[in-house]
Every structure is written in C-alpha cells, then in structure tokens.
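The structure appears below as structure tokens.
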Amino acid sequence: MFRIQRCQSSEQAGWLPLRQALWPHASEQEHRDEIGQQLSEPQRYINFVAYDSREQSVGLAEASLRHDYVNGTDNSPVVFLEGIYVAPEQRSQGVAAQLIEFVARWGREQGCVQMASDTGLDNLVSQETHIALGFEETERVVFFKRQL
C-alpha cells in the first residue's frame, strides 16, 4: 500500500522530480511556474504524490476541472487527467490505480461524472496504462496547421 498525499506546497517532497521525469522537455523553471500557477487555482487543479513505505516519492497524478468541451465526453464539468507518472521500479504495483482513485474522488466531489485524458498516438505505454486504469478510447485525432 502506498500513501497518497495532496500537493499543497511548491515544496511538496517529490513533486518537482516526478514532474521532471514525466515531462523532461520542460525546464525546472517552467515546472516551478506551472506548480505555482496550479497552486494558485485550487478549485481548478488537484495534484497527488504517492509515497512508498520508506517515504520515497514514487508516483504523481495531476488533474484539472474542465468546463469547456472535452473530446469524447458528453458532460460538464469533466475531471481531466493532465498527467500520471509512476517511477519505473514501482510500476505494476497498483500505484497508478490508487492515484486515479484519489483523482476520481476529487472529481466526484466537484460534480463530475466523467474523467478524461489524452496521450500521443505513438505513446503506446500510456495508451496501455489508460486502458488498464479503466479508460476507454473515444477518438484519434491528427492536428494540422498552415502558416498565413
């Protein structure tokens, strides 16, 4: 069993390193700015860190409350899983499932009846994880742009 704690401080043990592992392309300052922005809107964002028995951070879930249209859903608001990450050595032990249940509980408290998420078309590990966590695929999209 893992201990799940809601993030309420930018100094939350493990939050920054787990974010950096999940989104390595962003700079430390970008992560810190996003953490600060999320903490400034607690009615919109929720973040959880999972700790093992040694109090080491092993997992992260970040979610938001979305009132705009979310692809594949038919209700509003929707709790949107912005990111989930479990340290490689802790995978397949139920950490992600526990984190998702905490996010789901928060979503229900906000009046949501659906949770949504997305991932890249080429991120097969994430797709498999979503399916294992009870999500169902709703659509696939390729976005385009054209310079004017």
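The values are calculated or read from the model by the stated rules, or taken from the named source; none is laboratory data. Here the structure is a predicted model, which means the values were calculated and not measured. A quick note on method: Cβ atoms are made from the backbone with ideal geometry, for glycine too, and the neighbour counts reach across all protein chains shown.
Residues that are among the small types (Gly, Ala, Ser) and either outside any loop (DSSP other than H, G, I, E, B) or without any contact (Cβ under 8 Å) to a residue 12 or more places away in the chain (or both) were ranked within segment 1-39; the one that is nearest to residue 123 (Cα to Cα) is 21. Can you tell which of 86, 103, 49 is more than 29 Å from residue 141 (Cα to Cα), of a type in the set (Val, Ile, Thr) and at pLDDT 95 or above? So the residue among 86, 103, 49 that is more than 29 Å from residue 141 (Cα to Cα), of a type in the set (Val, Ile, Thr) and at pLDDT 95 or above is 49.
Please verify whether residue 19 is surrounded by 11 or more Cβ atoms within 10 Å (Cβ to Cβ), out of contact with any strand residue (DSSP E or B) (no Cβ under 6 Å at 6 or more places or on another chain), under 14 Å from residue 62 (Cβ atoms) and charged (D, E, K, R), treating the condition exactly as stated. Quick ask: steps written out before the conclusion?
Values: surrounded by 11 or more Cβ atoms within 10 Å (Cβ to Cβ): yes; out of contact with any strand residue (DSSP E or B) (no Cβ under 6 Å at 6 or more places or on another chain): yes; under 14 Å from residue 62 (Cβ atoms): yes; charged (D, E, K, R): yes.
So residue 19 passes the test.
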